[in-house]
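Report on the structure given below.
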Amino acid sequence: MSRTFDLRAQMNDIAEAPGKTWFFELAAGVIDAGRCIQCGACVAACPSDSIGIGSKGLPALVKMCTGCSLCWDFCPRGGLRYEATWPEEVVIDAGLGPVISGESVRVHLGLERASYTARVREPIPGVQDGGFVSALLIGLIEAGHIDGALVARPSATEQWKGEAFIARTAEDVVASAGSFYNQTMALAHLDVAGRGLPDQPRLALVGTPCEIQGLRALQARRWSWGKSHPEAVVLTVALLCTKSFDYTGLMLTELRDQRGVDLDDVARVDILHGKLMVDAHDGSRLVEEPIRDFHGASLKGCDECADFLGHAADLSVGSVGSADGYSSVIVRTEAGESAFAAISDRLDLRPVDRPEALEKLENMDKKTAFASLRRPFDPDAPMFIDYAEHVLNYAGTDREPVWISGSNA
């Protein structure tokens, strides 16, 4: 058995028949099939740095593929059984934590040490909901607990498009505040060289649950990742997420072209109470419609995700379950607990307002995912799925591999 196949056998804990999975198979099974969630895990996993971001904002080959199979293995819509990255789900009393106590509420929010409704006491310009994430990052950077945070900031060239960025100062964090509803290929930006960071930086990652899944898998397998450094991430913050959108489809086609919204007039875009809302600089509301009206602009691969709550993260944060102007915060791990405690004196806190709302949306998300997945959902199964098994599961469906040469470039 070659070293490549021996490596894959170790990663899967099962013997596999010799064979290689190439990037063009990832392209057929995920990218050209319209299932790419733009997390960037394949770029980060490539040990030869052969994968980059193409002109369409999707993964593309930038030099020869070696057939190592790792781009396939670590793709949450390909070979990665994303639910296997979740810790064992032990339910702990909500509302009981290191800062406050309250009524004990039993809800299934995954591995949980505490949960809160929170907002920052001193408002931070430009933040949405309770400002928790911005306050967290600023506090950790100022205290020297982290050297920076991989976040999304506004693109300098495309209005209301988020792009991946490593914030190193409080000013950087404030400039990146607010929400963007497109993916940024975040994990493709784990090359920390030339970013003004220490030789062994400590970073936080703020991202969608699928990005956290990919990172956790990369961190669990200590191989060589080329220029990427997933080990640099010491804290993960998952943003509660039911789906992400294609930037062109949402901002340009749906809002600008179909609804006549001038993007120069937009001051805020938010999804709240099942509606997409767009506000102008003068405070007027330009759009308020059910999010289902924009389903055509969402990423098809998001339908297969049963991880609304970001189970693999250290902290999960979102607006669901809390009053307007507040954030719901789920503390999942020791790292998350330490980070939370470091900035708790900056926050107004109480037990999470409506934990049942979190559970309800989590269950709805799972229902959609189980109807869309074409493979068994099994957190206890091996972390990696062979390409041939994937083809068998998806053949003959609307998500089967599509062979379009060069379509992802």
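Assorted remarks:
- When residues of segment 1-54 are limited to those that are outside any loop (DSSP other than H, G, I, E, B) and basic (Lys, Arg), the one modelled with the highest pLDDT: Arg8
Each row is one residue, and each column tells you yes or no for (1) farther than 28 Å from Gln219 by Cβ; (2) in contact (Cβ under 8 Å) with a residue 24 or more places away in the chain; (3) aromatic (Phe, Trp, Tyr); (4) loosely packed, with under 14 Cβ neighbours inside 10 Å.
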position	(1), (2), (3), (4)
Leu299	no, yes, no, no
Phe308	no, yes, yes, no
Ala313	no, yes, no, no
Arg346	yes, yes, no, no
Lys366	no, yes, no, no
Phe377	no, yes, yes, no
Glu389	no, no, no, yes
Asn393	no, no, no, no
Pro401	yes, yes, no, no
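- Scanning segment 136-163 for residues that are small (Gly, Ala, Ser) and within 22 Å of Ala339 (Cα to Cα) yields a count of 6.
- All of (1) out of contact with any helix residue (DSSP H, G or I) (no Cβ under 6 Å at 6 or more places or on another chain); (2) in a strand (DSSP E or B); (3) within 15 Å of Leu315 (Cα to Cα) hold for Leu235 with one exception: (1).
- Pairs are defined by a Cβ separation below 6 Å, a sequence spacing of at least 6 or placement on different chains, a first member in segment 348-363 that is more than 25 Å from Asp303 (Cα to Cα), and a second member that is buried (at least 20 other Cβ atoms within 10 Å of the Cβ) and of a type in the set (Phe, Trp, Tyr); the pairs so defined are Leu349/Tyr116; Val352/Tyr116.
- Flag for Arg285 being in contact (Cβ under 8 Å) with a residue 40 or more places away in the chain, surrounded by fewer than 17 Cβ atoms within 10 Å (Cβ to Cβ) and touching a strand residue (DSSP E or B) at 6+ places or on another chain (Cβ under 6 Å): no
- Residue selected from segment 161-185 under the condition part of a strand (DSSP E or B) and touching a Phe, Trp or Tyr at 6+ places or on another chain (Cβ under 9 Å), by the criterion surrounded by the most Cβ atoms within 10 Å (Cβ to Cβ): Asn182
The values are calculated or read from the model by the stated rules, or taken from the named source; none is laboratory data. What you see is a predicted model; the values in this text were computed from it and never measured. Methodologically, a virtual Cβ is constructed for each residue, glycine included, from the backbone with ideal geometry; neighbour enumeration extends over all protein chains shown.
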